[in-house]
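Enquirer: Below is a structure I'd like to ask you about.
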Amino acid sequence: MRVSAKAEEILEALWIATVEKGENAALLETMRITAEDEGLAELVRLAFVEVRSERVQLRHEGREEARMTVRRHRLAERLMMDILDIKGVSGDERACEFEHLLHHGVDTKICTLLNHPVTCPHGKPIPPGTCCEQARQEGEVGVVALTELKAGERGEIAYLAASEASKMQKLMSMGVLPGSVLVVTRTFPTYIFKVGHSEFAVDADLAREIFIRRASGVK
């Protein structure tokens, strides 16, 4: 069952107040809502929260939904700031908009893409998902920089995080494109790898901006 975006924002604020800050309940005033707020009324109907004397308390029934709401928001922050390079106020705003789309397994895909991060860009913890636990048990590392691969390892290029247009153009001219299979042949003194039938060499700085999805099924 999916709750509205407004209800998700309330759940997120309650999780931070009650779970992370240790408060028993949050004042409606500090959350900038009233007892008649539609999002709050929705959560009351679902028995996710309880309102008493201008204070709203997160019920046990609503904790998992609140936890997942916080998880989606902080994963969205990492995506915006780490991958899309949208930082500052703009990054926060885009993350707030995007988090509401991370449902039905999309959050799992984003988490795997980001290599199961444990904190958001602001240093706050990202509640782990089942994918995180599974990755730890199976030794999966998700998406990593090329510098994390050893000679002989291969993987699919997930994305390029080149900080400069000239670097991006260089990589694209080499055929280093998302979806291509890359095989590392040497890691010192430079990183040498093959894409298709061509072999290329890059320094460590550029290698750090090529992100690889390591998977046993890549051939």
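Enquirer: For residues in region 11-64 being of a type in the set (Ser, Thr, Tyr) and not in a helix (DSSP H, G or I), which is nearest to the chain's Cα centre (by Cα)?
Expert: Applying the filter and picking the extreme gives THR30.
Enquirer: Here is a follow-up. Considering ALA162, ALA158, ALA135, which residue is touching an Asp or Glu at 6+ places or on another chain (Cβ under 6 Å) and either under 28 Å from GLU9 (Cβ atoms) or modelled with pLDDT under 90 (or both)?
Expert: Details: ALA158 fails: touching an Asp or Glu at 6+ places or on another chain (Cβ under 6 Å); ALA135 fails: touching an Asp or Glu at 6+ places or on another chain (Cβ under 6 Å).
One residue alone meets the criteria, ALA162.
Residue-by-condition table, conditions (1) without any contact (Cβ under 8 Å) to a residue 24 or more places away in the chain; (2) open to solvent by 70 Å² or more (accessible area, probe 1.4 Å); (3) out of contact with any Asp or Glu (no Cβ under 6 Å at 6 or more places or on another chain):
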| site | (1), (2), (3) |
| --- | --- |
| LYS6 | no, yes, yes |
| GLU20 | no, yes, yes |
| ARG32 | yes, yes, yes |
| LEU43 | no, no, yes |
| VAL51 | yes, no, yes |
| GLU61 | yes, yes, yes |
| ALA76 | no, no, no |
| MET81 | no, no, yes |
| ALA95 | yes, no, no |
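Enquirer: Looking at VAL144, is it without any contact (Cβ under 8 Å) to a residue 12 or more places away in the chain and β-branched (Val, Ile, Thr)?
Expert: Working: without any contact (Cβ under 8 Å) to a residue 12 or more places away in the chain: no; β-branched (Val, Ile, Thr): yes.
Spelling it out, it is not the case that VAL144 is without any contact (Cβ under 8 Å) to a residue 12 or more places away in the chain and β-branched (Val, Ile, Thr).
Enquirer: Okay, next question. Could you please find all residues in region 129-175 being in contact with a Leu (Cβ under 7 Å, 6 or more places away or on another chain) and of a type in the set (A, V, I, L, M)?
Expert: VAL143, ILE157, ALA158, LEU160, ALA162, MET168, LEU171, listed by residue number.
Enquirer: Moving on to the next point. Could you please let me know if VAL89 is out of contact with any Ser or Thr (no Cβ under 8 Å at 6 or more places or on another chain), open to solvent by 80 Å² or more (accessible area, probe 1.4 Å) and at negative phi?
Expert: Criteria met by VAL89.
Enquirer: Which number in (1) surrounded by fewer than 14 Cβ atoms within 10 Å (Cβ to Cβ); (2) in contact (Cβ under 8 Å) with a residue 40 or more places away in the chain marks the one condition that GLU209 misses?
Expert: All conditions pass for GLU209, except number (1).
Conditions tested, residue by residue: (1) open to solvent by less than 50 Å² (accessible area, probe 1.4 Å); (2) in contact with a helix residue (DSSP H, G or I) (Cβ under 8 Å, 6 or more places away or on another chain); (3) farther than 29 Å from ILE16 by Cβ.
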| position | (1), (2), (3) |
| --- | --- |
| HIS104 | no, no, no |
| ILE126 | yes, yes, no |
| GLN134 | no, no, no |
| GLU153 | no, no, yes |
| LYS167 | no, yes, yes |
| LYS170 | no, yes, yes |
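Enquirer: Looking only at region 100-118, which residues are free of Cβ contacts under 8 Å to residues at least 24 places away in the same chain and of a type in the set (Val, Ile, Thr)? Spell out how you get there, then give the answer.
Expert: Initial filter on region 100-118 (free of Cβ contacts under 8 Å to residues at least 24 places away in the same chain): 101, 104-106, 108-109, 118.
Once the filter is applied, which keeps residues that are free of Cβ contacts under 8 Å to residues at least 24 places away in the same chain and of a type in the set (Val, Ile, Thr), region 100-118 yields VAL106, THR108, VAL118.
Enquirer: Within region 172-184, which residues are open to solvent by 60 Å² or more (accessible area, probe 1.4 Å) and over 24 Å from LEU114 (Cα atoms)?
Expert: Listed by number, the list holds a single entry, SER173.
The values are calculated or read from the model by the stated rules, or taken from the named source; none is laboratory data. Please read these numbers as outputs of a predicted model, since none were measured by experiment. Please note: Cβ atoms are built from the backbone with ideal geometry, for glycine as well, and neighbour counts cover all protein chains shown. Remember, those area values only see protein heavy atoms, side chains included, never the ligands or the DNA or RNA. Shrake-Rupley method; radii C 1.70, N 1.55, O 1.52, S 1.80 Å.
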